[in-house]
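The values are calculated or read from the model by the stated rules, or taken from the named source; none is laboratory data. These figures come from a predicted structure and were not determined experimentally. When we count neighbours, we look across all protein chains shown, and the Cβ atoms used for this are built from the backbone with ideal geometry, even at glycine. The area values use the complete protein model at the heavy-atom level, side chains included, leaving out ligands, DNA and RNA. Shrake-Rupley method; radii C 1.70, N 1.55, O 1.52, S 1.80 Å.
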Number of protein chains: 2
Amino acid sequence: MRPQDVIRKKRDGAQLSAEDIRFFIDGVTQGTIADYQISALLMAIFLNGMSDAEQEVLTDAMLHSGNTLDFSAIDKPKADKHSTGGVGDKTSLLIAPMVAACGICVPMISGRGLGHTGGTLDKLESIPGYRVNLSAEEFERVLKTVGYAMSGQTAELAPADKKMYALRDATATVEAIPLIVASIISKKGAAGLDAMVIDVKVGSGAFMVAEDRARALAHALVKTGNACGIRTRALLTDMNQPLGQAVGNSLEVKECIELLRGEVADGARPVLDLSLELSAHMLVLAQLDDSLAAARARLQDILSSGQALECFRQNVAAQGGDARVCDDPAKFLPLVAQTFKVESPRSGFVTKVNTAEIGHAIAAIGGGRVRIDDAIDPVVGFIAELKIGDRVSAGVALGTVYCGDEDKARAAAQRIQSAYEIDDQPPRELPPLMREVINE
Amino acid sequence: MRPQDVIRKKRDGAQLSAEDIRFFIDGVTQGTIADYQISALLMAIFLNGMSDAEQEVLTDAMLHSGNTLDFSAIDKPKADKHSTGGVGDKTSLLIAPMVAACGICVPMISGRGLGHTGGTLDKLESIPGYRVNLSAEEFERVLKTVGYAMSGQTAELAPADKKMYALRDATATVEAIPLIVASIISKKGAAGLDAMVIDVKVGSGAFMVAEDRARALAHALVKTGNACGIRTRALLTDMNQPLGQAVGNSLEVKECIELLRGEVADGARPVLDLSLELSAHMLVLAQLDDSLAAARARLQDILSSGQALECFRQNVAAQGGDARVCDDPAKFLPLVAQTFKVESPRSGFVTKVNTAEIGHAIAAIGGGRVRIDDAIDPVVGFIAELKIGDRVSAGVALGTVYCGDEDKARAAAQRIQSAYEIDDQPPRELPPLMREVINE
């Protein structure tokens, strides 16, 4: 068998056999198949798709392309949450401590931000001293003592995915559902999970703007996750405006700590609501609770009793961070005094937000990455004051840009201002935060 | 503009602008676009096709990606022939001297064999001493003194094509019509032609097995060639059996020299007929003759007077070869005494030949290349004794394998034997040698 034989088969719309797929993924992992052959297959998959059977084998082959983590020594159900990414999407920072405090083991392998979307690892690194590149031993130790651990994908974990993921960005093959599914599930599966909830974002700040595409992705994720032995469920949730108020690394961590402390600003409430709901599904899938109602009650208790905050504090300390951020986030997180108001250009109602544009505007001034090797300035960000449906007067703040460089701040503010649509009439309907639960 | 933006556009089925295409081909030439990005675009073009306008710009951009040859100092019309490749297809060796002897300048940039098809350069190299890698100065000198010259594509000529051609084989993107057309016309166009005849092969030994695909390719070649300023015509011709009798490098040169000498074996006649017809079209396109009838008469005269043989002899001498091959090919060409008969397994009529399989069988024992860097043994080959429609008795020779290694010869003979279909009834019709002339 030669790589081009497999490429030709997919190119011609035929079904790849398990042998074809395993041969190819082995070659990707071993480095015996050239990058230009991998990218040709990626494009053929993009354009010709994959059957459920192909999807399952592809994911399984990528999952087993390197080491898999084994936490059988930890006698708890293992569960995780994954989000397809958005703007201001910081729920991992709340979910991990809440669910871990309920007695579930949460081995969370997270990513970095790129383009308009942020990344959990970048956010955590705004906590002074916090280390996200744990060795396998450190990861397991934190997991055992704290209940959850946060780390990046190591070279040993799903290396075929690492290789293919890097090529996809440069070859315009990112948005293919079979490739997205294989990438997500292979990484999560290699971390030895029993259960997984996937937050599939829909809307102007999501990877999948259209609801039907997002739904198709959610079904494929659930089907493939289950086929790979992980009890999997997906929620379609809204990304037509930033989730909560904060966009930008340090600001997002601050928002999360405040929520864990019980300091719930109105604008941040959707972050808490969504985190609780995703967590409740995790508890049910992990078979800790029989019903969502029981899980929700348990989570409310864990949160209001301060156990979730305590779990977060232990994780920060265990991963080398300054745990005082939990007591006074405004003091111990890196923040910037210089702010720049984004004014509403007219009076009316917020009817629409180009959410990706807000993400890009903040990334462009250092709050995220335009290119994969950009450095991040943790203090840079945006606090949104208004949501879709809110009434606003001309000159009133839509929000505030945080940035030490005034020229950059002004540039971002201009982009953000034009990302808001203000009309005379209120929108006919408000986008629901949670749209659909997908079980199969 | 980034390479992935161009890839995305073609991936989504949109029309690439001239600017997109020129940006990409410039990047291929300069080496600023990675191989894996080139192959992703090749696959997107394979699956989504190209419009006439895109095809024309792509070809023109590749044509001008390096130096172009300028033979304006030679005051003759410049014409060439190109074949899409087949088994036993050796017409270039006859056409070049015949047409050059008529007073046309024939700057023939040729290729190597790969897979089941042979290559003109490999054939010529079986003449002792013959050099096919001429410098630009040598090429022009031979062209001036002899009337035709044969050489490989240099690094300076259409370098973007060179790069893309190498990637296509490894990424299963060879058979895409827009890529074939751009590759052929860019190379030929860079050689500064006025006129070009393209022999598009159809059938079991052709690159395009199906007649409709071959016809579509022929139309695209003619359209694009004319758009690039070369008067272009295509002939659809038969490749359902080896052309003539000889398959293999030295044997094919021997067949050609015999035909130039007027020694026309029955089985070799189709080579001569097709070469004369393609040559006649070249003379008309080069505006030397007003009609095919006049051109045919002129060519017959050039051939029977020995002027074509004389021109061939001068070319061999000018390119460093031993010109005595023209006087006694059996003595001065490398041939092998060991032969192996391919017997007909039964009595009946030859109804069908798997021609590509014959090519592969000979390539596998050294008569061609399975891989691009294989060495060729010039003496290895096959002489076909029968054609479709011929009656045969069990045990009689279908043909003879030439090879110094008996085990290899036996293996090839077995494959070739099974490539012939022998039935009780003769075939309903014989495949016509020339099927169609395509002018637009």
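Whole-Hz Karplus values for the stretch A:184-195 come out as 5, 5, 5, 5, 5, x, 5, 8, x, 7, 8, 9 Hz, taken residue by residue from phi with 6.51 cos²θ - 1.76 cosθ + 1.60 and θ = phi - 60°; glycine and proline positions read x. Short-range pairs are left out: with C-alpha atoms under 8 Å and at least six residues apart, the relative contact order of chain A is 20 percent. By the Stokes-Einstein formula, at 0.890 mPa s and 25 °C, chain A with its Kirkwood radius over alpha-carbon pairs has D equal to 110 µm²/s.
When we measure straight from the Cα of A:LYS81, which lysines land under 18 angstrom away, once same-chain ones fewer than 8 places off are left out? Within the straight-line cut-off, A:LYS81 pairs with A:LYS90, A:LYS123, A:LYS187, A:LYS188, A:LYS201, A:LYS223.
Computed from the alpha carbon positions, the gyration tensor of the protein assembly as shown leads to an equivalent ellipsoid with semi-axes of 69, 30, 22 Å, biggest first. Rolling a 1.4 Å probe over the protein chains gives A:ASP70 an accessible area of about 100 Å². Across the alpha-carbon set of the stretch B:333-423, the Rg to Rh ratio works out to 0.99, Rh being the Kirkwood radius. For A:SER344, B:SER304, the ranking by accessible surface with the largest value first comes to B:SER304, A:SER344, using a 1.4 Å probe. Rounded to the nearest whole Hz, the Karplus-based 3J(HN,Hα) values (6.51 cos²θ - 1.76 cosθ + 1.60, θ = phi - 60°) of the stretch A:369-374 follow the sequence 10, 7, 10, 4, 9, 5, with x at glycine and proline.
Could you tell me what % of all Cα pairs in the stretch B:126-249 have separations over 19 Å? Above the 19 Å cut-off, the stretch B:126-249 has 60 percent of its Cα pairs. Between B:SER418 and B:LYS331, the C-beta separation translates, for a Förster distance of 45 Å, into a calculated FRET efficiency of about 0.85. The phi-based Karplus calculation (6.51 cos²θ - 1.76 cosθ + 1.60; θ = phi - 60°) puts the 3J(HN,Hα) values of the stretch B:122-129 at 4, 4, 4, 5, 6, 7, x, x Hz, whole numbers, x for Gly and Pro. Surface analysis of the stretch A:3-49 yields an accessible area of 38 Å² per residue, using protein heavy atoms and a 1.4 Å probe. Distances from B:LEU433 to itself in the other copies, using label points 7 Å out along the Cα-Cβ axis, amount to 8.2 nm in increasing order.
Between the amide H of B:HIS82 and those of B:VAL197, B:ILE198, B:ASP199, distances stay under 5 Å, these residues lying 5 or more places away or on another chain, with hydrogens modeled in the peptide plane. In the protein assembly as shown, the DSSP beta bridges split such that about 50 percent are antiparallel, to the nearest 5. With the label put 7 angstrom out from Cα along the Cα-to-Cβ vector, A:GLY152 ends up 4.5 nm from the copy partners, going from closest to farthest.
Can you tell me the orientation of helix B:18-30 relative to chain B, as the angle in degrees between its alpha-carbon axis and the longest Cα principal axis, to the nearest 10? That works out to roughly 70 degrees. For B:MET1, the solvent-accessible surface with a 1.4 Å probe is about 110 Å², rounded to the nearest 10. Copy-to-copy label distances for A:GLY262, where each label lies 7 Å from Cα along Cα-to-Cβ, are 11.4 nm in order of increasing length. Compute the accessible area of each residue in the stretch A:169-196 twice, once for its chain alone and once with every protein chain present, using a 1.4 Å probe on heavy atoms, and list those whose area falls by at least 30 Å². Buried-area filter returns A:ALA170, A:THR171, A:ALA172, A:GLU175. Rounded to the nearest 10 degrees, the inclination of helix A:92-101 to the longest alpha-carbon principal axis of chain A is 80 degrees. To the nearest ten degrees, helix B:307-318 and the longest principal axis of the Cα atoms of chain B are 70 degrees apart.
Estimated at the nearest 10 Å², the accessible area of B:VAL284 is 30 Å² with a 1.4 Å probe. On the accessible surface of chain B, probed at 1.4 Å, how many percent belong to carbon and sulfur atoms? Summing carbon and sulfur atoms, their accessible area is 47 percent of the total for chain B.
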